[in-house]
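What follows draws every value from the coordinates through simple rules; no lab data is involved. Given the structure is predicted, the values throughout are model-derived calculations rather than measurements. Every residue, glycine as well, gets a Cβ built from its backbone with ideal geometry; the counts of neighbours run over all protein chains shown.
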Amino acid sequence: MKASLLVFLFCLFHSCTIIDLQPGKLFSTTPSVEYEILNKEDSISICFSEDVDQPSVQSISCIRRNGIKAETTFDWEDGKKLIIIPAEELYRGLEYRLEFKGIYRNISGTEREASLSLPFYIHSSEFTPLEIMDFYPADGAVLNSAGPVRISFNKAVDTPSLSNALKISPPVKISKTWSAESENTLIIEADDDWDNLTNYRISLDENLCSTDGDPLYPDWDLSFYIEDGSSSPSVIQCGSCRRDRLSDFPWISENLENLLASQAVRIRFSEAMDQEKTESSFSITPSTAGEIYWIEEDLIFCPDLSFRSSQSFRLKITKDAESNNGIRMTDSYILDFVPAVAPLTLISLECSSPGGFILNEFSSTTFYDLPVQPVSPFDLSFHFTFSAPFTTDSEKQRVQDSLSFYEVFSSGGSPRTGLYSWSSDYRMTAIFSGFTADSDSDYYYLMDLKGGTQGIFNSEGSYMDETVSQLFRTVRQ
């Protein structure tokens, strides 16, 4: 008796791979839980705890994707396990549903009600679905009657599959071409223009596939409205304005030819713009931090720091910028400009100590003799005269921090910074201590005043193109 029971349980286990004989549990399934990932070899099945009327079970059993019933066949094992076999391979990465909904009967004719819908995935062959990466116009946008529709895909599309997958409502004769710039971008144009004051809907479904046979996922649709008189936005003016928010940034010039460092850039568009998308498409190179403001159709850019002299900038607004109607710019807007800011130069370097000198030209390789004082080490006082003013304390401090003396070719030690003073915004005095002169050797010192984009500059945007260096010597006594 015990052996017979074991044989019975063994047969029961192998007749149904997933079975639950808990009281009241009439069937179990593979998949068994929501979003289960099945292996390729797993059977999609429903296993019953009683004998059932097979036709009534099959009539309410199916596999769906995107709400569409997949073509399947059925097989039964031992009269209690229904295996649902898809006619086509199920792909990894796509969501499917096992549905078992409705009334079925057991073998005695008793009706049972099922209400099952289980999402699941397949861990099968490699699969990258055909996807839409970008499209134009935006959903719900307003176009003029000649406007094209552009749809960009992640890979090459099987063109013949468009005939069943592409639907346009209301119907209109169209031309379909592939962009010369991007072979994966489809361009759709109405043969005789779109009908004015009409709302169109374009959709693509899974009948569209790539050249390697992968279907579109997910399905896609787009609605847009045709209204003649709407046009692509464009930049109609780009000039300078005052940094005066309270006065609404009044215009100074219609172009940037004489842009000063203290001014802002004002750009006027032909249409009221989608501010977020337009700001995302705006840039100035080299990268320039600043604040953006809007006054009606005008974008105002105020840099955090003044524009620099002798620096070439490129202002760019890509064609991703959109009007409030959802229409993109036809072409990117690019403008190169150089601010009209006088360059900063060191006009003269004067040593005001006894026996001093004035230099107007500077060299890091040809030395100039420093005046030697009676006792070493000794101090020397220098006056620096600039071509442009430093009007704020922070500007003056930057100049002081950018000035240094180093001893080179010897080991007497570098001079130390003493006192700084400014007799005007153009003239700085610096006292350095620790210069050495003796009878044993000559001593050499290199003065550096840092220039370039990381060097000294003023609030007008003037800066020195390069570091000013001068080699000095104290001759042996």
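Enter the per residue convex hull volume of segment 346-474, computed from alpha-carbon coordinates, in Å³ rounded to the nearest integer. Display every interim value, and only then the final one.
Numbers: hull volume 13.0 nm³, N = 129.
Normalising the Cα hull of segment 346-474 by residue number yields 101 Å³.
For the pair Asp221 and Ile107, what calculated FRET efficiency results from E = 1/(1 + (r/R0)^6), where r is the Cβ-Cβ distance and R0 = 56 Å, to the nearest 0.05?
For R0 = 56 Å, the calculated efficiency reads 0.75.
For segment 370-477, with the dipole built from +1 on Lys and Arg beta-carbon atoms and -1 on Asp and Glu ones, taken about the Cα centre, which of Gln373, Gln470, Val408 lies farthest toward the positive end?
Ranked along the dipole, the leading option is Gln373.
First select every other residue whose beta carbon is under 12 angstrom from the beta carbon of Ser203; then total the charges, Lys and Arg +1, Asp and Glu -1. It would help to have the intermediate numbers written out before the result.
Numbers: positive: Lys167, Arg201; negative: Asp139, Asp205, Glu206, Asp219, Asp221.
Residues near Ser203 contribute -3 overall.
At a 10 Å Cβ-Cβ cut-off, how would you order Asp274, Asp248, fewest neighbours first?
Taking fewest neighbouring Cβ atoms as first place, the list is Asp248, Asp274.
Given the -39500 (n - 2.57) contribution per DSSP H run of 4+ residues, what per-residue ellipticity at 222 nm results for the chain, rounded to the nearest 500 deg cm²/dmol?
-2000 deg cm²/dmol
Near Ile103, within a Cβ-to-Cβ distance under 9 Å, what is the net charge of the other residues, with Lys and Arg +1 and Asp and Glu -1?
0
Note down the relative contact order for segment 15-123 as a percent, whole number, built from C-alpha pairs under 8 angstrom at least six residues apart.
Computed value for segment 15-123: 30 percent relative contact order.
Dipole of the chain (Lys/Arg Cβ +1, Asp/Glu Cβ -1, origin at the Cα centre): which of Thr318, Pro343, Phe153 lies farthest to the positive side?
The one lying farthest along the dipole's positive direction is Pro343.
Hey, if you put +1 on the Cβ of every Lys and Arg and -1 on every Asp and Glu Cβ in the chain, which of Ala87, Ser240, Thr436 ends up farthest toward the positive end of that dipole?
My answer, from the dipole projection, is Thr436.
Charges only on Cβ, +1 for Lys and Arg, -1 for Asp and Glu: so what's the dipole of segment 15-123 about the Cα centre, in debye to the nearest 20? Don't skip to the end; give the middle numbers.
Values: 12 positive and 18 negative charges, 54 e Å.
Once rounded to the nearest 20, the dipole reads 260 debye.
Assign unit charges at the C-beta atoms only (+1 for Lys and Arg, -1 for Asp and Glu), then state the dipole size of the chain relative to its Cα centre in Debye, rounded to the nearest 20.
880
Which entry is the computed volume of the Cα convex hull per residue in Å³ for this structure: [x] 307; [y] 371; [z] 161?
Matching the structure shown: [x].
Could you tell me which GluC sites (Glu not before Pro) in segment 322-365 are loop residues by DSSP with no more than 12 other beta carbons within 10 angstrom of their beta carbon?
Details: sites: Glu322, Glu350, Glu361; in loops: Glu361.
The qualifying sites are Glu361.
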